[in-house]
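Enquirer: Sending over a structure as structure tokens; questions will come in a sec.
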Amino acid sequence: MESYDFVVVDGLPPEVDNQTDVAIDTEFFGQEKQRLHRPHGKFASLQICIGNTVYIITDEKDIPEAWRRIKNARAIIGHNLIYDIRQLRRFIPIERRYLWDTLLVE
């Protein structure tokens, strides 16, 4: 079995090029179960994984700069990305682009 070592950084990721894949996930507080696919709740964090480094954004004011740095990635990868993208669109414009959603691929 392979072992993976990850580094966790509290802060913004580096700028990536169009040959780099990036994985993301979001967390929100205070959401209502019946409205999960409608943007609401309080932002808790955005996790961005590039290679073996995970960057954790906890201030919603940093979301635009973090997204600017990763938006040119070859692919944005995540599980149930439609949820994450809908939530993030409250804070930033996100253009249509290639996504790799592991929930849909499953």
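Enquirer: Which one of Thr102, Thr53 is at pLDDT 95 or above and either among the acidic types (Asp, Glu) or open to solvent by 20 Å² or more (accessible area, probe 1.4 Å) (or both)?
Expert: Every option except Thr53 fails the conditions.
Enquirer: Would you mind stating whether Ile70 is farther than 19 Å from Phe28 by Cα and modelled with pLDDT of 95 or more?
Expert: Yes.
Enquirer: For the range 57-99, give me each residue that is closer than 21 Å to Val8 by Cβ and surrounded by fewer than 17 Cβ atoms within 10 Å (Cβ to Cβ).
Expert: If the condition is that a residue be closer than 21 Å to Val8 by Cβ and surrounded by fewer than 17 Cβ atoms within 10 Å (Cβ to Cβ), then Thr58, Asp59, Glu60, Lys61, Asp62, Glu65, His79 are the ones that fit.
Enquirer: Report, ordered by the first and then the second residue, all pairs with beta carbons closer than 8 Å, sequence separation of six or more or different chains, a first member in the range 72-95 that is closer than 22 Å to Thr20 by Cβ, and a second member that is open to solvent by 40 Å² or more (accessible area, probe 1.4 Å) and of a type in the set (Ser, Thr, Tyr).
Expert: That search, which allows pairs on different chains as well, returns Arg74/Tyr98; Ala75/Tyr98; Ile76/Tyr98; Ile77/Thr102; Gly78/Thr102; His79/Thr102.
Enquirer: In addition: Taking the criterion of being modelled with pLDDT of 95 or more, buried (at least 17 other Cβ atoms within 10 Å of the Cβ) and not hydroxyl-bearing (Ser, Thr, Tyr), would at least one residue in the range 34-46 satisfy it?
Expert: Yes, the range 34-46 contains at least one residue that is modelled with pLDDT of 95 or more, buried (at least 17 other Cβ atoms within 10 Å of the Cβ) and not hydroxyl-bearing (Ser, Thr, Tyr).
The values are calculated or read from the model by the stated rules, or taken from the named source; none is laboratory data. All values reported here derive from a predicted model rather than from experimental measurement. Don't worry about glycine lacking a Cβ; one is built from the backbone with ideal geometry, like all the others, and counts go over all protein chains shown. Heavy atoms of the whole protein, side chains included, go into the accessibility calculation; ligands, DNA and RNA do not. Shrake-Rupley method; radii C 1.70, N 1.55, O 1.52, S 1.80 Å.
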